[in-house]
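Each remark here refers to the structure printed beneath this line.
The values are calculated or read from the model by the stated rules, or taken from the named source; none is laboratory data. Given the structure is predicted, the values throughout are model-derived calculations rather than measurements. Note: ideal-geometry Cβ built from the backbone for every residue, glycine included; neighbour counts use all protein chains shown.
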Amino acid sequence: MPIAFHWFLPTNGDGRRLVEPAMAIPGLAGGQRPASFGYLTQVALAAESFGFLGALTPTGPWCDDAWITTAALAQRTERLKFLVAFRPGAMSPTLSAQMAATYQFHTGGRLLLNVVTGGDDAEQRAYGDHLDKDGRYERCAEFLQIVRGLWTGGSVDFEGRHLHVEGGALGRVPDPIPQVYFGGSSPPALDVAARHVDVYLTWGEPPEAVAEKIGRVRELAEAQGRSVRFGIRLHVVSRDRSADAWAAAEALLDGISDEEIAAVHTRMQRTQSEGQRRMLALHGGSRSQLEVAPNLWAGVGLARGGAGTALVGSHEEVADRIEEYAAIGLDEFVLSGYPHLEELYWFGEGVLPLLEARGAWKRPVGLAEGMRTGTIDAGGVSFGVVPERP
């Protein structure tokens with residue numbers, strides 16, 4: 001099965017470094033890049049033009065709402081799907097099912113759902129959610145059971161430990177039914193994935209660790225008589241030459257002190273997320289030995305929570321690593337880079353054509369036709385000269 005690619009919409013802002021200074025430094029490119037609707041439209045249109053399947057839009061108090069943002073962006077795009085992250089603990093299952101149906105109707109079926117159970121008690125309490133981690137996964141399973149029941153078009157009566165719905169029904173069912181994406185590394189998370197989701201997502205660990213996790217989820221799903229597809233969440237730094245890519249990766253940490261890295265590490269150690277703990281273990285809070293597998297760099301996790309690794313290298317090296325991950329069972333790659341617009345072009349122009357030529361990826365639409373610059377011999381770069389078309 002051909003690989004599918006998703007990009008990322010930076011709804012909390014963007015920049016040339018992992019952490020940008022509050023004020024731009026004169027004479028140095030960079031600074032805070034706001035997540036304006038105009039900028040997000042540029043990113044979405046670029047992802048669509050390169051042939052990405054969708055775009056992940058995050059959830060959290062640190063970013064804009066994914067439902068509202070992507071509903072607006074859907075009116076500026078034509079084919080791109082939106083992988084909308086949301087927290088089941090903050091929404092009614094009936095309302096969520098209704099929102100998904102409405103979204104599908106008005107966008108022509110371009111909604112994908114990324115269910116975020118929540119791995120941090122303090123952040124969940126900010127949303128009014130006071131369940132512990134085990135309780136959140138129990139509720140998530142109940143939530144998905146109710147939502148899937150509503151999507152079939154019937155009436156739903158459900159009384160669980162955490163959720164209670166009487167006579168739930170929708171006036172419109174989603175067409176098509178959105179694919180449900182889900183991530184988590186703890187045993188309760190793997191159980192929810194095996195029972196209820198379509199695509200299980202892992203953060204970018206070394207291939208051996210990813211293969212082991214995939215095997216566990218696959219076995220659990222088979223025991224339920226189900227099959228699950230698999231995806232991975234990674235950053236990318238891809239350049240024409242490997243040395244340039246590694247220099248660009250190191251530059252992402254410019255201006256971030258060792259003291260700031262230590263503070264991030266201390267804060268992240270308090271998380272209850274097993275996936276976050278696994279990310280922290282890759283770098284241990286140190287700048288040394290950040291290449292934790294060939295072309296897999298753990299430097300992003302020094303300054304940011306969440307997905308903390310990046311594929312770094314020449315376009316050929318990055319394409320090779322993607323094919324290695326695909327060989328162990330990954331069908332979908334959710335990628336990002338800093339800044340998201342520029343890195344999208346590096347990947348789209350450098351890596352995607354290689355994967356297309358190798359038969360690992362199929363472009364969903366043809367390249368846009370337009371003017372060509374021609375060659376110097378043909379005078380195609382001279383003012384007023386129209387180059388001959390091949």
Subject >> Scan of segment 299-329 for residues that are assigned to a loop (DSSP other than H, G, I, E, B) and surrounded by 24 or more Cβ atoms within 10 Å (Cβ to Cβ), ordered by number >> reply: ALA307, GLY308, THR309
Original post:
Would a scan of segment 356-363 turn up a residue that is in contact with a Leu (Cβ under 6 Å, 6 or more places away or on another chain) and closer than 17 Å to THR202 by Cβ?
Top reply: no
**OP:** Just name the residue that is surrounded by the fewest Cβ atoms within 10 Å (Cβ to Cβ) out of those in segment 94-111 that are of a type in the set (A, V, I, L, M, F, W, C) and closer than 23 Å to ALA44 by Cβ.
**Re:** PHE105
Original post:
Would you pick out the residues in segment 193-230 that are small (Gly, Ala, Ser), within 25 Å of ALA319 (Cα to Cα) and crowded, with 22+ Cβ neighbours inside 10 Å?
Top reply: GLY204
Original post:
Restricting attention to segment 55-93, which residues are surrounded by fewer than 18 Cβ atoms within 10 Å (Cβ to Cβ) and assigned to a helix (DSSP H, G or I)?
Top reply: ILE68, ALA72, ALA90
Original post:
When you scan segment 73-108, how many residues do you find that are within 19 Å of the chain's Cα centre (by Cα), more than 29 Å from GLU166 (Cβ to Cβ) and not charged (D, E, K, R)?
Top reply: 6
**OP:** Output the number of the condition that HIS106 fails; it satisfies all remaining conditions of (1) closer than 15 Å to PRO176 by Cβ; (2) in contact (Cβ under 8 Å) with a residue 40 or more places away in the chain; (3) not charged (D, E, K, R).
**Re:** (2)
Subject >> Residue within segment 161-175 that is closer than 25 Å to ALA85 by Cβ, out of contact with any helix residue (DSSP H, G or I) (no Cβ under 8 Å at 6 or more places or on another chain) and surrounded by 13 or more Cβ atoms within 10 Å (Cβ to Cβ) present >> reply: no
Subject >> Scope segment 134-158; condition acidic (Asp, Glu) and surrounded by 15 or more Cβ atoms within 10 Å (Cβ to Cβ); matching residues >> reply: GLU138, GLU142
Original post:
Would a scan of segment 112-133 turn up a residue that is exposed (fewer than 15 other Cβ atoms within 10 Å of the Cβ), among the charged types (D, E, K, R), at pLDDT below 95 and part of a helix (DSSP H, G or I)?
Top reply: yes
**OP:** Return yes or no: is THR94 more than 20 Å from PHE333 (Cβ to Cβ), touching a helix residue (DSSP H, G or I) at 6+ places or on another chain (Cβ under 8 Å), at pLDDT 95 or above and of a type in the set (Ser, Thr, Tyr)?
**Re:** yes
**OP:** Please report, ordered by residue number, the helices (runs of 4 or more DSSP H) entirely within segment 186-298 with at least 1 residues that are modelled with pLDDT under 95 and basic (Lys, Arg).
**Re:** 258-268, 274-283
**OP:** Look at VAL147 and say whether it is touching a Pro at 6+ places or on another chain (Cβ under 7 Å), closer than 19 Å to GLY306 by Cα, at pLDDT 95 or above and among the hydrophobic types (A, V, I, L, M, F, W, C).
**Re:** no
Original post:
Has segment 273-280 got at least one residue that is more than 24 Å from PHE143 (Cβ to Cβ), under 21 Å from the mean Cα position of the chain (by Cα) and surrounded by fewer than 16 Cβ atoms within 10 Å (Cβ to Cβ)?
Top reply: yes
Original post:
Could you say whether any residue in segment 58-65 is under 17 Å from GLU343 (Cβ atoms) and modelled with pLDDT of 95 or more?
Top reply: yes
Original post:
Regarding TYR181, is this residue of a type in the set (Ser, Thr, Tyr), in contact with a Leu (Cβ under 6 Å, 6 or more places away or on another chain), modelled with pLDDT of 95 or more and outside any helix (DSSP H, G or I)?
Top reply: yes
